[in-house]
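The values are calculated or read from the model by the stated rules, or taken from the named source; none is laboratory data. Given the structure is predicted, the values throughout are model-derived calculations rather than measurements. A quick note on method: Cβ atoms are made from the backbone with ideal geometry, for glycine too, and the neighbour counts reach across all protein chains shown. Ligands, DNA and RNA are stripped out before the accessible areas are found, and what is left, the full protein with its side chains, is counted by its heavy atoms. Shrake-Rupley method; radii C 1.70, N 1.55, O 1.52, S 1.80 Å.
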Amino acid sequence: MAVQKILYDCDPGHDDAVALMLAAGSPELELLGVTIVAGNQTLDNTGRNACHVLQWLGREEIPVYTGCERPMVRDRVTAGDIHGETGLDGPVFPPLRKRPEPEHAVRFLVRTLMSSQGDVTVVTSGPMTNLAMALRMEPAAAEKIRRIVLMGGSYTNGNVTPAAEFNILADPEAAHVCFTAGRPVTMIGLDVTRKVLCYPEIVERMARADTCASRLFVDLMGHFCRTQKEVFGWEGGPLHDPVTIASLLDPALVVTKPMNVRIDLSHGESYGRTNCDAFGYLGLPATADVAVDIDVPRFWDIIETGLRRYSETGKQA
Ligand code: RIB
Ligand code: CA
């Protein structure tokens, strides 16, 4: 498989941090840059968290760009109940050297896409504000996107309201811009991410890798799994965001179904819902490939492989 060029936009966030470890350590991927959005926590926190993770992994050379600190239209929401006051509560990091780049994430996205050969996959695992703003700033950037792969939405129930999932609800208008950009979209929703529950035996398995990445994984899951149990009653935290990156490493990981997906922008109880026409009942053209199933054992194999790619001291093996 040829090396895939990707841009990764996220809101670290414990599960974003695991996705970042996977993206930064996989030779199958060329990570052109990491763009940061407010979501799980404020932009200051999510930006700092991304820098901490890359520095810990010995991947300080990967540039981080901070972007939008609030949604396009609605008021800002965060998820401190899950990710804590810092957005990455749990791990203790050494003093931070790495800083975000001075360029705004939206400008970086536009510049990188416009100078590309149209072979860049954009992965998002937070509110889609940065990507949406880039598409509004430079509409020609859309045709330069090979595919948008997002963690977000669900065709069943949500996790913030009964209707809506956090990443979409945190900026529904941005999601609408991205879903209607005319580019191929893969939607990795709660429907499959709730199948990859990080049970204690999974944490023990990853700890045995004994690398800088596996130690961070254990510390992240210590907090994430506790809060997921407190809030949702899960016996293992659903590891949402890494499914996006893992699906690039193994296209057979998730089963998708083309569906017409529309974002509910009304301001009723279903605001921010991804309305997925699973049966094509409306006779409308499909607008996204929606994940409907996942090979769970294969997913954890990909995670373990990714964690083992790092050395004990923070440089890749
Ligand atoms: O609903 C889960 C999503 O919201 C994940 O991306 C998590 O990190 C939060 O951003
Ligand atoms: Ca996230």
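Structure above, values below:
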read-out	value
Structure-based [θ]222 nm, the chain - -39500 (n - 2.57) summed over DSSP H runs of at least 4, per residue, nearest 500	-10500 deg cm²/dmol
Area of E235 that stays accessible when all protein chains are in place (1.4 Å probe, Å², to 10)	110
Computed magnitude of the charge dipole of the stretch 1-116 (debye, nearest 20; Cβ of K, R +1, Cβ of D, E -1)	340
Under Karplus coefficients 6.51, -1.76 and 1.60, residue-wise ³J(HN,Hα) of the stretch 139-147 in Hz, glycine/proline x	x, 5, 5, 4, 6, 8, 8, 5, 6
Kirkwood Rh, Cα atoms: Rg over Rh of the chain	0.93
Distance in nm between pseudo-label sites at F232 and E61 (7 Å out along the Cβ direction from Cα)	3.7
Candidates per trypsin sites (Lys or Arg not before Pro) in the stretch 160-239, loop by DSSP, up to 12 other Cβ within 10 Å	R208
Solvent-accessible area per residue, Å², over the stretch 212-317 with all protein chains present [probe radius 1.4 Å]	46
Net dipole in debye of the stretch 54-159 [+1 Lys, Arg Cβ; -1 Asp, Glu Cβ; about Cα centre; nearest 20]	240
Sulfur and carbon atoms: percent of accessible area, the stretch 67-162 [1.4 Å]	51
Restricting the stretch 253-317 to trypsin sites (Lys or Arg not before Pro) in coil, as DSSP defines it, with at most 11 other Cβ within 10 Å	K315
Pairs of Lys in the chain closer than 28 Å at Cα, counting only those 8 or more apart or on different chains	9
For the chain, size of Cβ-based charge dipole, Lys and Arg +1, Asp and Glu -1, in debye	520
Between the stretch 207-225 and the stretch 275-289, the alpha-carbon center distance in angstrom	39
Label-to-label distance, nm, for residues given as K257 and Y281 (7 Å Cα→Cβ offset)	1.2
Equivalent ellipsoid dimensions for the stretch 212-313 as semi-axes, Å, which come from the Cα gyration tensor, largest first	32, 20, 11
Separation of the A207 and E269 label points, Cα + 7 Å toward Cβ, nm	4.3
Positive-end residue, the chain charge dipole about Cα centroid, Cβ charges, pick of L88, V231, I145	I145
Rounded to whole Hz, the Karplus (6.51, -1.76, 1.60) HN-Hα couplings of the stretch 157-170, x for glycine and proline	9, x, 10, 10, 10, x, 9, 10, 8, 4, 4, 7, 5, 5
Built amide H within the under 5 Å cut-off of K5, gap 5+	E30, T121
For the stretch 40-133, alpha-carbon Rg and Dmax in angstrom	14.3, 41
